[in-house]
Amino acid sequence: DAGITQSPRHKVTETGTPVTLRCHQTENHRYMYWYRQDPGHGLRLIHYSYGVKDTDKGEVSDGYSVSRSKTEDFLLTLESATSSQTSVYFCAISDLAGDTEAFFGQGTRLTVV
Amino acid sequence: KQEVTQIPAALSVPEGENLVLNCSFTDSAIYNLQWFRQDPGKGLTSLLLIQSSQREQTSGRLNASLDKSSGRSTLYIAASQPGDSATYLCAVVLSGGYNKLIFGAGTRLAVHP
């Protein structure tokens, strides 16, 4: 298994609070991604990173921010959590230009009450 | 905008059957296509990666084909087993960089003894 660790694995938080999810990799892969998975929508890209301090928005980026200060860590922050952000969040990594597979973490189940 | 569709959404078969799962995409300008497996409550496991220049890939009882011009891929599972029960996801990477995946909603497979 690829070395990807997501933390926490489960979290319950209140509406309006900030939340940070962490993704840590030991593979030294250049690209890192945050996806969310919801019933009826499949997986959708939130943000991605193509290098340290290089990030960009994905399809569903509103209400989220990211940071990557080291190759191995990619943080996803919900600035003010809402019930619509209740979801399962997956971190993924890949390397080079599409010549290798993408690998996924085990996911973080976030519930906003 | 690239859209990925998987048919059928769910499938229930007896053990031993050969299966075909279908994936279609609207934009043929893809870099590669990847098939994943997801068990309930778990992350995604990569099964097969097909580059846009390839026609098929095989791994054990799994065979994936790609017809880029018609926007279709199929995942063939030979001699299905109860352990194959899972959700199968197809995802494409568009040409243009960053290896961003666009997912279908998946096919939920149940193989019963």
Exercise. Which condition number in (1) more than 10 Å from every other protein chain (Cβ to nearest Cβ); (2) over 14 Å from the mean Cα position of the chain (by Cα); (3) within 29 Å of B:Thr5 (Cβ to Cβ); (4) open to solvent by less than 60 Å² (accessible area, probe 1.4 Å) is the one that A:Ser83 fails?
Worked result: (4)
For this session: Could you tell me whether any residue of region A:101-108 is away from chain B (no Cβ under 14 Å), surrounded by fewer than 20 Cβ atoms within 10 Å (Cβ to Cβ) and not in a strand (DSSP E or B)?
Result: no
Problem set entry | Flag for A:Leu96 being modelled with pLDDT of 95 or more and not acidic (Asp, Glu) | no
For this session: For B:Ser73, indicate whether it is modelled with pLDDT of 95 or more and closer than 23 Å to B:Gly43 by Cβ.
Result: yes
Exercise. Can you find a residue in region B:5-16 that is over 15 Å from the mean Cα position of the chain (by Cα), of a type in the set (Gly, Ala, Ser) and modelled with pLDDT of 95 or more?
Worked result: yes
Problem set entry | Hits in region A:37-53 - residues which are open to solvent by less than 60 Å² (accessible area, probe 1.4 Å) and among the charged types (D, E, K, R) | A:Asp38, A:Arg44
Exercise. Does A:Asp1 count as under 28 Å from B:Ala105 (Cβ atoms), of a type outside the set (Gly, Ala, Ser), modelled with pLDDT of 95 or more and exposed (fewer than 15 other Cβ atoms within 10 Å of the Cβ)?
Worked result: no
Exercise. Mind checking whether some residue in region B:78-100 is open to solvent by 40 Å² or more (accessible area, probe 1.4 Å), assigned to a strand (DSSP E or B) and at pLDDT 95 or above?
Worked result: no
Exercise. If you check A:Glu72 against the conditions, is it at pLDDT below 95 and not small (Gly, Ala, Ser)?
Worked result: no
Seminar exercise, completed: Checked B:Thr107, B:Thr58, B:Thr26 against criteria (more than 9 Å from chain A (Cβ to nearest Cβ), buried (at least 20 other Cβ atoms within 10 Å of the Cβ) and more than 22 Å from A:Tyr50 (Cβ to Cβ)); the one match is B:Thr107
Exercise. Does B:Gly71 satisfy the condition of being at positive phi, more than 12 Å from chain A (Cβ to nearest Cβ) and in contact (Cβ under 8 Å) with a residue 12 or more places away in the chain?
Worked result: yes
For this session: Determine which member of the set A:Thr20, A:Thr15 is away from chain B (no Cβ under 14 Å), assigned to a loop (DSSP other than H, G, I, E, B) and either over 10 Å from the mean Cα position of the chain (by Cα) or farther than 20 Å from B:Leu101 by Cα (or both).
Result: A:Thr15
Exercise. Being among the hydroxyl-bearing types (Ser, Thr, Tyr) and over 19 Å from B:Thr107 (Cα atoms), is that true of even one residue in region B:71-79?
Worked result: no
Exercise. If you take the residues in region B:61-73 that are among the hydroxyl-bearing types (Ser, Thr, Tyr) and open to solvent by 40 Å² or more (accessible area, probe 1.4 Å), which one is farthest from B:Leu21 (Cα to Cα)?
Worked result: B:Ser69
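Condition check ((1) open to solvent by less than 10 Å² (accessible area, probe 1.4 Å); (2) part of a strand (DSSP E or B); (3) touching a Phe, Trp or Tyr at 6+ places or on another chain (Cβ under 8 Å)) across all residues:
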{"site": "B:Thr5", "(1), (2), (3)": "no, yes, yes"}
{"site": "B:Asn32", "(1), (2), (3)": "yes, yes, no"}
{"site": "B:Lys42", "(1), (2), (3)": "no, no, no"}
{"site": "B:Ser46", "(1), (2), (3)": "no, yes, yes"}
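The values are calculated or read from the model by the stated rules, or taken from the named source; none is laboratory data. None of the values given here were measured: they were computed from a predicted structure. Glycine also receives a Cβ, built like all others from the backbone with ideal geometry; neighbour counts cover every protein chain displayed. Just the protein is used for accessible areas: all its heavy atoms, side chains included, with ligands, DNA and RNA removed. Shrake-Rupley method; radii C 1.70, N 1.55, O 1.52, S 1.80 Å.
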